[in-house]
1. Among the residues of segment 86-93, is there at least one that is within 19 Å of residue 26 (Cα to Cα), of a type in the set (Phe, Trp, Tyr) and part of a loop (DSSP other than H, G, I, E, B)?
2. Checking residue 36 against (1) in contact with a helix residue (DSSP H, G or I) (Cβ under 7 Å, 6 or more places away or on another chain); (2) more than 16 Å from residue 6 (Cα to Cα), which single condition isn't satisfied?
3. When segment 43-89 is examined, which residues are found to be farther than 26 Å from residue 8 by Cα and either exposed (fewer than 12 other Cβ atoms within 10 Å of the Cβ) or acidic (Asp, Glu) (or both)?
4. State which residue is nearest to residue 102 (Cα to Cα) when the search covers only segment 17-27 and only residues that are assigned to a helix (DSSP H, G or I) and free of Cβ contacts under 8 Å to residues at least 24 places away in the same chain.
5. Taking segment 28-46 as the search range and keeping residues that are of a type outside the set (D, E, K, R) and in a loop (DSSP other than H, G, I, E, B), which one is farthest from residue 96 (Cα to Cα)?
6. Of all residues in segment 71-107, count the ones that are at pLDDT 95 or above and either hydrophobic (A, V, I, L, M, F, W, C) or within 19 Å of residue 2 (Cβ to Cβ) (or both).
7. Collect the residues in segment 98-107 that are of a type outside the set (D, E, K, R) and over 14 Å from residue 38 (Cβ atoms), keeping them in residue-number order.
Amino acid sequence: MGWNQGYTIMEAQVVKAYDSGFLNKDLLNVIMEPFRDSDIDSGGSYDLKAKDGKGAEEIICFIMEPEKYQDAIDNPSPPDPDYPDDPYNEKLDDLWNEITRREWKFW
């Protein structure tokens, strides 16, 4: 079991900062620092969405790796044949994991 409360806090901060129009890589690094080297767990998600519909994980990918983010959106992984209506995008999830492990040592 991971740190659900950490995810709850991070999610709210990222979405609010993004909606303010001031979120960039430098500010995102400041926001994410308290969560460095932790087992932050999306079980704490409230599925918050920014004004443009992005969730916290999408926002982080968009800010940190905009080209890779756009590729994951434009060319998502194919859906699981057993769950064709599931919106899960493995490419976007892989990008989230790559960024958070590299930048903030999430585990």
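1. Our first condition is that a residue be within 19 Å of residue 26 (Cα to Cα); within segment 86-93, this holds for none.
The answer is no; no qualifying residue exists.
2. (2)
3. Once the filter is applied, which keeps residues that are farther than 26 Å from residue 8 by Cα and either exposed (fewer than 12 other Cβ atoms within 10 Å of the Cβ) or acidic (Asp, Glu) (or both), segment 43-89 yields 67, 71, 74, 75, 78, 80, 81, 82, 83, 84, 85.
4. In the first step, residues of segment 17-27 are kept if they are assigned to a helix (DSSP H, G or I); the result is 17-20, 25-27.
From what's left, free of Cβ contacts under 8 Å to residues at least 24 places away in the same chain: 17, 20, 26-27.
Details: 17: 22, 20: 26, 26: 15, 27: 17 Å.
Step by step, filter segment 17-27, then rank; the result is 26.
5. Going residue by residue through segment 28-46, those that are of a type outside the set (D, E, K, R) are 28-32, 34-35, 38, 40, 42-46.
Filter again for in a loop (DSSP other than H, G, I, E, B), leaving 38, 45-46.
Working: 38: 15, 45: 15, 46: 18 Å.
So the residue we want is 46.
6. 17
7. To start, the set of residues in segment 98-107 that are of a type outside the set (D, E, K, R) comprises 99-100, 104, 106-107.
99 - this is the single residue of segment 98-107 that is of a type outside the set (D, E, K, R) and over 14 Å from residue 38 (Cβ atoms).
Yes/no matrix, rows are residues, columns are (1) assigned to a helix (DSSP H, G or I); (2) in contact with a helix residue (DSSP H, G or I) (Cβ under 7 Å, 6 or more places away or on another chain):
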| residue | (1), (2) |
| --- | --- |
| 15 | yes, yes |
| 48 | no, yes |
| 63 | yes, yes |
| 72 | yes, yes |
| 78 | no, no |
| 83 | no, no |
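The values are calculated or read from the model by the stated rules, or taken from the named source; none is laboratory data. Every value quoted in this text rests on a predicted model; they were computed, and no experiment measured them. Cβ sites come from the backbone with ideal geometry, for glycine too, and all protein chains shown count toward neighbours.
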